[in-house]
1. Pick out which of 109, 200, 283 has the largest mean-square fluctuation in a Gaussian network model of the chain, springs linking Cα atoms closer than 10 Å.
2. If you average the alpha carbon positions of the stretch 279-351 and of the stretch 135-205, how far apart do those two centres end up, in angstrom?
3. Considering only 309, 319, 107, give the residue with the highest GNM mean-square fluctuation for the chain, with springs between Cα atoms whenever their separation is below 10 Å.
4. Treating each Cα of the chain as an identical point scatterer and ignoring solvent, apply the Debye formula and state log10 I(q)/I(0) at q = 0.13, 0.14, 0.15 Å⁻¹.
5. As I understand it, the dipole of the chain uses +1 on the Cβ of Lys and Arg and -1 on the Cβ of Asp and Glu, about the Cα centre. Which of 294, 44, 283 lies farthest toward its positive end?
6. Among 84, 247, 224, which residue has its Cα positioned farthest towards the positive end of the charge dipole of the chain, with +1 placed on the Cβ of Lys and Arg, -1 on the Cβ of Asp and Glu, and the dipole taken about the Cα centre?
7. List the residues whose amide H sits under 5 Å from the amide H of residue 256, counting only those 5 or more places along or on another chain, with H placed 1.01 Å from N in the peptide plane.
8. Once you have the Kirkwood Rh of the stretch 257-351 from its Cα pairs, apply Stokes-Einstein at 25 °C and 0.890 mPa s and quote D in µm²/s.
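The values are calculated or read from the model by the stated rules, or taken from the named source; none is laboratory data. Just so it is clear, the model here is predicted, and its values are computed rather than measured. Note that each Cβ is placed from the backbone with ideal geometry, even for glycine, and that neighbours are counted across all protein chains shown. Accessible surface is based on the protein model in full, side chains and every heavy atom, while ligands, DNA and RNA are left aside. Shrake-Rupley method; radii C 1.70, N 1.55, O 1.52, S 1.80 Å.
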Amino acid sequence: MSNLERDPVELVCPPERSGAASITVLQPRDVPLGGPRAMQVRRTLPQRGRTTIGAWCFVDHYGPDEVAASGGMVVPPHPHTGLQTVSWLFEGEIEHHDSTGSAEFVRPGAVNLMTAGRGIAHSEVSTPATTRLHGVQLWVALPNATRDVAPFFEHADTVPVQVDDAVVRVFAGALPGIDDEASVTVFSPLVGAQVELPAGGEAWIELDPAFEHGVLVDLGPVTATIALLEGEHDDGSADADPLQVAGHTSHLSANELGHIAPGHEGVRLRAGDHGPARVILIGGVPFGEELVMWWNFIGRSHDEVAEFRRAWQADVIARGDADGRFGTVDGFDGDPLPAPELPTVRLKPRA
């Protein structure tokens with residue numbers, strides 16, 4: 001999905017440093033994507049208090065939207081650099097076309113992962129059969145060593161795995177204790193998974209203690225309890241039963257994102273008694289590189305992002321080079337999306 005804001009926030013993301021033995025609750029902000037009938041999304045990453053969770057650098061959560069009222073998703077061809085887009089749906093169906101020639105649908109239970117690398121363009125449109133649209137759009141920042149790879153696209157089905165009362169689907173990376181890793185390509189150690197719980201149900205989800213994690217609540221509320229690594233208890237004892245662990249507990253409402261710092265071996269998730277719960281779990285090794293994020297580009301400097309914009313406007317919008325950095329998207333009936341104007345000041349780090 002594009003960041004369709006016409007005045008996107010200029011943002012430099014410094015390397016994250018975190019060590020809190022608690023869950024920090026991040027609130028979403030509402031972002032309209034486009035005109036008066038545009039989709040509304042709830043964005044929890046990036047924000048001033050936290051710009052990444054591992055390599056995950058962008059979290060948009062949308063729906064459930066009645067397509068007859070909202071108009072659904074109609075995102076014209078637009079560019080990306082230096083990242084991967086991860087499309088995951090709870091309801092509905094979206095058709096994807098990109099400049100590598102890929103054309104694919106994404107439906108609940110399957111994942112579309114697009115690696116932008118040095119540059120790609122794509123479009124996303126909800127299908128005529130879709131009456132309700134509900135899902136998340138996630139971005140993963142590519143490390144410096146691989147951020148200029150040739151663009152490519154992958155689609156994969158996921159396998160439901162029972163973990164205590166929960167059904168877990170891993171759609172990116174790997175989750176400890178679950179043998180079925182996602183089959184899509186990632187370039188840094190990370191995880192992306194959906195966890196569903198029945199009303200009153202609970203599950204102990206193992207975590208990689210080298211990762212920081214985020215728990216985005218789609219259906220809630222959810223109670224999350226984190227466990228410290230073995231040996232960190234005052235009496236030196238270990239927990240015999242992780243479901244009975246005494247650790248920091250946080251109550252997360254729908255649309256909130258709970259951040260868990262590295263150093264935890266698991267999280268206990270419990271649904272409320274009055275309805276089921278569903279969360280998206282993301283995580284990864286803290287990202288140690290500075291990022292410049294603006295509109296749909298990720299770079300490392302103002303000048304680099306400005307060059308990405310110039311190439312998009314000259315090659316695609318002005319039709320100067322159909323075989324340029326971003327290529328050409330077939331299968332969309334309409335014009336590509338022009339880039340907003342750059343800020344009048346240079347992008348620079350913020351405290």
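1. 200
2. 25 Å
3. Maximum among the listed residues: 319.
4. Those come out to -0.98, -1.14, -1.30, one per q.
5. Value computed over the given set: 294.
6. Of the listed residues, the answer is 84.
7. When sequence neighbours closer than 5 places are left aside, the close amide H contacts are 217.
8. 138 µm²/s
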